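This report concerns only the one structure given below.
The values are calculated or read from the model by the stated rules, or taken from the named source; none is laboratory data. Just so you know, these numbers come straight off a predicted model, no measurement behind them. Heads up, the Cβs are rebuilt from the backbone with ideal geometry, glycines too, and the neighbour counts pull from every protein chain shown.
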Ligand SMILES: Cc1cc2nc3c(=O)[nH]c(=O)nc-3n(C[C@H](O)[C@H](O)[C@H](O)COP(=O)(O)OP(=O)(O)OC[C@H]3O[C@@H](n4cnc5c(N)ncnc54)[C@H](O)[C@@H]3O)c2cc1C
Ligand code: FES
């Protein structure tokens, strides 16, 4: 059994237990959100001992050399003395410019950060909830060239942060934000490559940024956008996406609903089946999949089985704890 030392107290870490799980079990609070190594809100530093390499996945090399690690994916192999990462310098205030409904359960937030955020379209930021401690990640639908950050936020029943953003936060309020992170974005390495983008629910948010970024960077290959929802009422940006497809012959947009009639120009059925039917071979494609984690996982596997190489599959699963 290994020991975790934090603020001069020792905590026994069970076999296969993560540092985060161990500290939370001992009622020691550590900021966290996704609990799956994505959002980086649980970052800590090993003051003594070496964290396993895998717990540093996705961290900047400058953080790795300083022994930082993600507590939620760190199963220590030796005793570690740890400290909290001083995230205070990374957080900043952002003013709410707009909070409006995109459909009955999704809002669009537009924010003006106090300082310019360096990001690539498709990355995500972290936001603190009303208690100043709870942290959640939200994908950026905006482009860095736009003078606001745009987020699409779905109401989760009894959700701490999504309810706060839907019901409490208004224009002129300030939010604490940090970012950006994530690797689900466009790079112009092969501009003629066909792109397939599949977003479920607010999984459209990062894709709205990625597709416009690809066009702005002169992508010449086709861009096929599939947006899935349970019913038509769950879709949004229908007119915007149709307009984008009208303006750019390389872009096609297919709204998909599981229940009810197919929307105009769209499909009815399981989005995974629809993609399988229309893209039996994805050899040479670059695929982006975002939204519900189970759906993202299933679609990724299917795209791989249909011939897309793993190096050409980018995903943003909206993991929750
Ligand atoms: C990288 C990343 C990007 C994300 N981007 C977006 C985005 O652009 N838009 C967006 O709306 N969300 C996004 N999310 C999800 C978001 O971070 C929160 O998880 C979500 O808003 C719920 O937080 P909450 O505090 O409202 O609910 P919580 O208080 O965390 O949860 C309340 C209850 O609902 C359950 N729950 C939480 N989320 C879900 C869910 N999706 N489905 C079913 N049950 C759930 C919880 O297990 C809990 O029981 C993203 C997540 C990640 C990791
Ligand atoms: S990376 Fe650890 S909680 Fe998100």
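Filtering the range 288-298 to residues that are more than 27 Å from residue 246 (Cβ to Cβ) and outside any loop (DSSP other than H, G, I, E, B) leaves 293, 294, 295, 296, 297, 298.
Among the residues examined, residue 204 does not qualify as surrounded by fewer than 23 Cβ atoms within 10 Å (Cβ to Cβ) and under 29 Å from residue 147 (Cα atoms). The single condition among (1) in contact with a strand residue (DSSP E or B) (Cβ under 9 Å, 6 or more places away or on another chain); (2) closer than 25 Å to residue 201 by Cα; (3) within 15 Å of ligand 1 (Cβ to nearest atom) that residue 132 does not meet is (2).
Scanning the range 107-141 for residues that are under 21 Å from residue 240 (Cα atoms) and touching a helix residue (DSSP H, G or I) at 6+ places or on another chain (Cβ under 6 Å) yields 107, 121, 122, 139, 140, 141. Each residue in the range 30-51 was checked for being assigned to a loop (DSSP other than H, G, I, E, B), surrounded by fewer than 19 Cβ atoms within 10 Å (Cβ to Cβ) and away from ligand 1 (no atom under 16 Å from the Cβ), and 2 of them qualify. Taking the condition touching a residue at least 60 places away in the same chain (Cβ under 8 Å), more than 30 Å from residue 230 (Cβ to Cβ) and out of contact with any strand residue (DSSP E or B) (no Cβ under 6 Å at 6 or more places or on another chain), does residue 87 pass? Against the criterion (touching a residue at least 60 places away in the same chain (Cβ under 8 Å), more than 30 Å from residue 230 (Cβ to Cβ) and out of contact with any strand residue (DSSP E or B) (no Cβ under 6 Å at 6 or more places or on another chain)), residue 87 qualifies. Condition test on residue 165, is it part of a helix (DSSP H, G or I), more than 27 Å from residue 285 (Cβ to Cβ) and in contact (Cβ under 8 Å) with a residue 24 or more places away in the chain? For residue 165, the condition - part of a helix (DSSP H, G or I), more than 27 Å from residue 285 (Cβ to Cβ) and in contact (Cβ under 8 Å) with a residue 24 or more places away in the chain - is met. If the condition is being in a strand (DSSP E or B) and in contact with a helix residue (DSSP H, G or I) (Cβ under 6 Å, 6 or more places away or on another chain), then the range 267-287 contributes 267, 286, 287. Looking at (1) closer than 25 Å to residue 142 by Cβ; (2) in a helix (DSSP H, G or I); (3) free of Cβ contacts under 8 Å to residues at least 40 places away in the same chain, which is the only condition residue 254 fails? The failed condition is (2).
Pairing each residue of the range 264-285 that is over 22 Å from residue 310 (Cβ atoms) with any residue that is at pLDDT below 95, provided the two are 6+ apart or on different chains, yields C-beta distances under 6 Å for 268/262. Name the pairs: first residue in the range 18-41 and within 9 Å of ligand 2 (Cβ to nearest atom), second residue at pLDDT below 90 and not in a loop (DSSP other than H, G, I, E, B), Cβ to Cβ under 6 Å, at least 6 apart or on different chains? Sorted first by the residue in the range 18-41, then by its partner, the pairs are 40/181. When residue 143 is tested against (1) over 24 Å from residue 23 (Cβ atoms); (2) in a strand (DSSP E or B), exactly one condition is not met: (2).
For the range 12-23, a residue qualifies if it is crowded, with 17+ Cβ neighbours inside 10 Å and not in a loop (DSSP other than H, G, I, E, B), and the qualifying residues are 13, 19, 20, 21, 22, 23.
When the residues of the range 97-124 are filtered to those that are under 19 Å from residue 211 (Cα atoms) and part of a loop (DSSP other than H, G, I, E, B), the one that is farthest from ligand 1 (Cβ to nearest atom) is 118.
Of all residues in the range 148-189, those that are at pLDDT 95 or above and within 16 Å of ligand 2 (Cβ to nearest atom) total 3. Within the range 52-76, if we keep just the residues that are modelled with pLDDT of 95 or more and assigned to a loop (DSSP other than H, G, I, E, B), the residue that is nearest to ligand 1 (Cβ to nearest atom) turns out to be 74. Checked against the criteria, residue 147 does not count as within 11 Å of ligand 1 (Cβ to nearest atom) and over 19 Å from the mean Cα position of the chain (by Cα).
Answer with yes or no whether residue 279 is under 24 Å from residue 36 (Cα atoms), assigned by TED's automatic domain parsing to the domain that holds residue 209 and more than 16 Å from ligand 1 (Cβ to nearest atom). For residue 279, the condition - under 24 Å from residue 36 (Cα atoms), assigned by TED's automatic domain parsing to the domain that holds residue 209 and more than 16 Å from ligand 1 (Cβ to nearest atom) - is not met. The set of residues from the range 303-313 being in contact with a helix residue (DSSP H, G or I) (Cβ under 8 Å, 6 or more places away or on another chain) and outside any helix (DSSP H, G or I) comprises 306, 313.
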